[in-house]
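Engineer: I'd like to ask some things about the structure below.
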């Protein structure tokens with residue numbers, strides 16, 4: 001699984017792993033001109049499923065492309081299966097990549113798309129390999145249709161089939177569940193779990209917390225190109241849940257309610273403004289119970305109570321605050 005080696009105040013140490021690392025990053029950075037996409041990231045991955053979690057634009061795609069050997073790090077070192085990743089054809093036959101962006105000829109059928117991948121890998125029996133990969137993603141019934149007529153979820157599954165046709169030891173997936181319906185998501189998750197059970201190393205990126213929670217035991221949290229936390233998902237989820245929270249209330253008497261809420265142990269700050277009463281709390285659950293109770297006792301009506309800091313960006317940014 002994942003072993004944390006990044007120096008971060010919010011890093012969670014992962015469980016010890018006996019198997020050797022299949023992916024190693026050492027102080028890796030990547031920039032485009034003056035834009036830093038990845039900044040000093042270090043970690044090790046082992047067989048199993050690891051979620052690469054972070055808001056859009058955090059650097060997840062850049063990390064995956066560097067791990068696949070398709071993008072050179074500006075600084076640092078990446079090794080995959082014991083070999084340097086960059087400009088090393090020896091590892092390409094052992095790595096599969098499912099990019100987020102789509103690049104295919106729309107007139108190709110799904111089968112032709114996967115078969116072309118099998119032939120590029122020079123497999124001894126590309127037809128049989130394509131059949132197995134297409135069956136694995138449950139697309140046999142529609143493999144004869146042109147990909148230009150596929151739904152987003154169907155194209156995603158065919159991209160996965162093309163990436164696993166050579167049975168790679170390492171599988172890298174960039175937002176693989178985009179466009180998938182609930183049934184397709186469940187099938188894909190079962191497929192990835194089965195591959196991990198066979199000893200493969202699987203890394204998938206997502207900006208959706210629930211996707212990672214359902215599939216990955218270990219997680220890398222990336223914010224603004226930095227590794228904010230790594231290790232056991234449950235511990236990192238606890239950090240996210242236990243962080244301070246801010247709510248905005250609009251009531252029939254904001255000023256009087258503010259005076260009453262000061263006495264609540266979970267309330268850490270209050271601010272009156274034109275747009276309502278902003279309340280900072282240490283425990284969101286305790287506040288959600290306390291606020292209506294206090295307001296009702298004072299005959300104050302709460303017209304609106306909304307979280308002010310629940311975006312993924314704010315959740316993840318909390319992990320890198322010093």
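The values are calculated or read from the model by the stated rules, or taken from the named source; none is laboratory data. All of these numbers come straight from a predicted model, not from anything done at the bench. All Cβ positions, even for glycine, are placed from backbone atoms using ideal geometry, and neighbour counts span all protein chains on display.
Engineer: Restrict the check to the range 41-58 and report whether at least one residue is out of contact with any helix residue (DSSP H, G or I) (no Cβ under 8 Å at 6 or more places or on another chain), in a strand (DSSP E or B), surrounded by fewer than 21 Cβ atoms within 10 Å (Cβ to Cβ) and in contact (Cβ under 8 Å) with a residue 60 or more places away in the chain.
Structural biologist: yes
Engineer: Right, here's the next one. So residue 118 ticks every box in (1) farther than 16 Å from residue 68 by Cβ; (2) in a helix (DSSP H, G or I); (3) within 20 Å of the chain's Cα centre (by Cα) but one. Which box is left unticked?
Structural biologist: Every listed condition holds for residue 118 apart from (3).
Engineer: Something else: Within the range 163-186, restricting attention to residues that are assigned to a helix (DSSP H, G or I) and surrounded by 16 or more Cβ atoms within 10 Å (Cβ to Cβ), which residue is nearest to the chain's Cα centre (by Cα)?
Structural biologist: 185
Engineer: Need the failing condition index for residue 204 against (1) at pLDDT 85 or above; (2) surrounded by 23 or more Cβ atoms within 10 Å (Cβ to Cβ); (3) farther than 30 Å from residue 138 by Cβ, just the number.
Structural biologist: Only one criterion is unmet by residue 204, namely (3).
Engineer: Of all residues in the range 82-104 being part of a loop (DSSP other than H, G, I, E, B) and within 24 Å of residue 188 (Cβ to Cβ), which is modelled with the lowest pLDDT?
Structural biologist: Result: 103.
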